[in-house]
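Accompanying notes for the structure given below.
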Amino acid sequence: MARTMTAPSDGQAGELDALVIGAGFAGLYQLLCLRDRLGLSVRLLEAGDGVGGTWYWNRYPGARCDSESHSYCYAFSKELTQEWDWSERYPGQPEIMRYMNHVADRFDLKRSIRFSTRVTAAHYDAASNRWTVRTERGEQFITKFLITAVGCLSTANVPNIPGLEDFAGDWYHTGQWPHDGVDFTGKRVGLVGTGSTGIQATPVIAETAAHLTVFQRTANYSVPARNAPLTPEFKRYVKENATQIRQVMHGTTNGHPFTISERLAHEASPEERQALYEAAWNTGGLQFRAVFQDLMVDKAANDTAADFIRGKIRQIVKDPVTAATLSDIDHPYAAKRPPIDTNYFETFNRDNVSLVDVRAAPIERITPLGIRTGEGDYPLDVIVFATGFDAMTGPMLRMDIRGRGGKSLAEEWEAGPRNYLGLQVAGFPNLFTITGPGSPSVLCNMPVAIEQHVEWITDCIAHMRAHGLQRIEAKAQAVDNWIEQVNAAANATLLPQATHSWYLGANVPGKPRVFMPYAGGMAHYREICVEVAARNYEGFTLDG
Ligand code: N01
């Protein structure tokens, strides 16, 4: 029989004011805001045995963030910004974990977190206006507000390739990496997938594996990251200019600490364009996408960037067949999430690395000895699946969430996610979804998107308490209007042209093809959210 856990944080008796699911960037800050700023009784439930969210699970070789360190962190606390020093331009997974543990300890958050506790179900009861949340351990929590901070990329997508169960070697998904690491020394390793993860892992695995075979289905663009230790001058600059840096991040489309050029690609001569791309290539990182204003909206402009990168791949990779396969890219640059790398293309010049084109000859099955494609057998000791995630909706739908009248979220989202502002689903009162589909989320530097959502939710709950309001629920009409805006924003860009992208759910067989994140830009989205709140939470029903 299920045990009812009604003791909330800090040992007080009774039901919870709020329950938060997930101890990544979003959950930790939401806990802090609700517990310490609003004084609510809050409990956070986390499946892992530590904080970190996506970084707790993604410990694969080369795991590192693509956002620059000084922008991939919280901005809400001046003291925190001043006391923390990042060591490299991009933070590696272990350093991000140190940071998140530092935050959790500094703000005394762990006492309100229950680790190793996976939420399996959350059901709403209209009569009591309460959510009952159940866990895999058989516990039950009652809460007024339920906030999911489950991340966008936390449900591993292991492809359903026949024969995997018979494989005699070891296999791993990068998003569920063993905490004590994997030793590739002397092993024949096969890596499936060439998204951001595969592109980060390839050079590192190649250093120790006897042989690494990369199985590529879709060729991908990548720009050098140019990671390096941060200089004392840069660290000082970050601390002295924290406010200005934050203003830049808040003013841009993607929440990064650099601005997007106002020039259009065709305004520059071919020589000038080449020089600008060359400079951006040398600078490295996601700034490459910001060289011209129209790279994400005008195919002809995008082609100029795409051709430049294809040319670089052909220059770097010595074997012409491998170079042709790596540069045969079928979608606009950055229409899929653009990876950045450290020696990815260079790695294919190593004697112990080879590329297999599984678009030309698809993987047929996994045999006890390795991977079989339409062209032959590849004997392997280890298979690494860098095959991504059931993104955005997956983490929500693997819980049995039921709103008014017992309607499940799975039913509500059968044809794709539907909500208002990415924050609330009609029929699911008092449930907030941090960085849910329909919000900028994965198109933005995540901590920026997360802080905006957490603060909006906190202000909303504070408003409700100040006005004696008990329930908030998105109106169906507001959802319809918002979905139209989400679709219009995506269609105004080149993003939907990458038809196999996980932004569209296309990487998971059977998943509805709906462009999930809001592509209208973080700065614009923030304004919309501010206006909605200022208009007395327009589009929501609030009642006592
Ligand atoms: O996953 P992906 P990811 N047979 O979905 C291939 C974030 N991230 O883990 O394109 C063969 O992008 C698939 O092929 P195709 C970032 O937002 C951030 O790399 O579907 N291949 C593709 O090549 C990123 O976008 C950081 O044809 C199969 C690959 O697997 C997101 O996570 C670092 C296959 C999957 O690429 C996901 O990236 C790393 C099959 N059956 C990741 N199934 C940061 O720095 C799939 N593939 C913050």
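Out of the residues in segment 161-184 that are in a strand (DSSP E or B) and within 16 Å of the ligand (Cβ to nearest atom), which is most open to solvent (accessible area, probe 1.4 Å)?
Step by step, filter segment 161-184, then rank; the result is W171.
Tell me which residues, restricted to segment 24-66, are among the hydroxyl-bearing types (S, T, Y) and over 16 Å from F145 (Cα atoms).
The answer is T54, Y56, Y60.
Conditions tested, residue by residue: (1) part of a loop (DSSP other than H, G, I, E, B); (2) of a type in the set (V, I, T); (3) closer than 25 Å to A410 by Cα.
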residue: A121; (1), (2), (3): no, no, yes
residue: Y124; (1), (2), (3): no, no, yes
residue: V133; (1), (2), (3): no, yes, yes
residue: L153; (1), (2), (3): yes, no, yes
residue: P159; (1), (2), (3): yes, no, yes
residue: E207; (1), (2), (3): no, no, no
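Any idea which of (1) aromatic (F, W, Y); (2) farther than 30 Å from H524 by Cα; (3) open to solvent by 50 Å² or more (accessible area, probe 1.4 Å) is the one F215 doesn't satisfy?
Among (1) aromatic (F, W, Y); (2) farther than 30 Å from H524 by Cα; (3) open to solvent by 50 Å² or more (accessible area, probe 1.4 Å), the lone unmet condition for F215 is (3).
Just to check your reading of the model, which residue among I472, I450, I457, I461 is over 21 Å from the mean Cα position of the chain (by Cα) and within 28 Å of S77 (Cα to Cα)?
After ruling out the rest, the residue left standing is I461.
Taking segment 223-242 as the region of interest, how many residues are in a helix (DSSP H, G or I) and either under 22 Å from Y74 (Cβ atoms) or open to solvent by less than 90 Å² (accessible area, probe 1.4 Å) (or both)?
Let us first name the residues in segment 223-242 that are in a helix (DSSP H, G or I), namely 232-240, 242.
With the extra rule that they be either under 22 Å from Y74 (Cβ atoms) or open to solvent by less than 90 Å² (accessible area, probe 1.4 Å) (or both), the set shrinks to 232, 234-240, 242.
Total meeting the criteria: 9.
Picking from I199, I245, I260, which residue would you name as being within 12 Å of the ligand (Cβ to nearest atom) and either more than 23 Å from A360 (Cβ to Cβ) or not in a strand (DSSP E or B) (or both)?
Of I199, I245, I260, the one residue that is within 12 Å of the ligand (Cβ to nearest atom) and either more than 23 Å from A360 (Cβ to Cβ) or not in a strand (DSSP E or B) (or both) is I199.
Name the pairs whose Cβ atoms lie under 6 Å apart, with the first residue in segment 350-374 and part of a loop (DSSP other than H, G, I, E, B), the second more than 16 Å from the ligand (Cβ to nearest atom) and open to solvent by 40 Å² or more (accessible area, probe 1.4 Å), and 6 or more positions between them or separate chains?
N352/H211; P368/D166; P368/A168; L369/P379
Are any residues in segment 76-113 more than 16 Å from the ligand (Cβ to nearest atom), open to solvent by 40 Å² or more (accessible area, probe 1.4 Å) and free of Cβ contacts under 8 Å to residues at least 40 places away in the same chain, and if so, which ones?
Within segment 76-113, E79, E83, W84, R98, H102, D105, R106, D108 qualify.
For segment 265-286, which positions are of a type in the set (A, V, I, L, M, F, W, C) and over 21 Å from K336 (Cα atoms)?
From segment 265-286, those of a type in the set (A, V, I, L, M, F, W, C) are 265, 268, 275-276, 279-281, 286; that's our starting set.
Correct list: A268, A275, L276, A279.
Among the numbered criteria (1) in contact with an Asp or Glu (Cβ under 9 Å, 6 or more places away or on another chain); (2) without any contact (Cβ under 8 Å) to a residue 40 or more places away in the chain, which one does K318 miss?
(1)
Within segment 279-301, can you find the residues that are in a helix (DSSP H, G or I) and open to solvent by 40 Å² or more (accessible area, probe 1.4 Å)?
Hits for segment 279-301 are A279, N282, T283, Q287, R289, K299, A300.
Within segment 251-259, identify whether any single residue is surrounded by fewer than 21 Cβ atoms within 10 Å (Cβ to Cβ), more than 23 Å from the chain's Cα centre (by Cα) and without any contact (Cβ under 8 Å) to a residue 40 or more places away in the chain, and answer yes or no.
No, segment 251-259 contains no residue that is surrounded by fewer than 21 Cβ atoms within 10 Å (Cβ to Cβ), more than 23 Å from the chain's Cα centre (by Cα) and without any contact (Cβ under 8 Å) to a residue 40 or more places away in the chain.
Quick one: in segment 475-527, of everything that is open to solvent by less than 60 Å² (accessible area, probe 1.4 Å) and at positive phi, which residue is modelled with the highest pLDDT?
Looking at the filtered set, the residue picked out is G521.
Let me confirm something: among D377, D330, which residue is closer than 18 Å to V214 by Cβ and in a strand (DSSP E or B)?
Just one listed residue meets the conditions, D377.
Quick test of your reading of the structure: L276 fulfils all but one of (1) assigned to a loop (DSSP other than H, G, I, E, B); (2) away from the ligand (no atom under 16 Å from the Cβ); (3) open to solvent by 50 Å² or more (accessible area, probe 1.4 Å); (4) under 30 Å from F515 (Cβ atoms). Name the failing condition by number.
Result: L276 passes all but (1).
Which one of these is within 16 Å of the ligand (Cβ to nearest atom) and either of a type in the set (G, A, S) or open to solvent by 10 Å² or more (accessible area, probe 1.4 Å) (or both): G27, G52, G48, G39?
It is G52.
List the pairs whose first member sits in segment 525-544 and is of a type in the set (D, E), whose second member is surrounded by 14 or more Cβ atoms within 10 Å (Cβ to Cβ), and whose Cβ atoms are under 6 Å apart, counting only residues at least 6 apart or on separate chains?
Close Cβ pairs satisfying both conditions: E538/V532; D543/R471.
Can you name the residue in segment 291-345 that is aromatic (F, W, Y) and under 18 Å from P224 (Cβ atoms) and is also farthest from the ligand (Cβ to nearest atom) among such residues?
Among those that are aromatic (F, W, Y) and under 18 Å from P224 (Cβ atoms), it is F308.
The values are calculated or read from the model by the stated rules, or taken from the named source; none is laboratory data. Quick caveat: nothing in here was measured; it's all calculated off a predicted structure. Glycine gets a Cβ as well: all are built from the backbone with ideal geometry, and neighbour counts include every protein chain shown. Note: accessible area is taken over every heavy atom of the protein model, side chains too, but ligands, DNA and RNA are not part of it. Shrake-Rupley method; radii C 1.70, N 1.55, O 1.52, S 1.80 Å.
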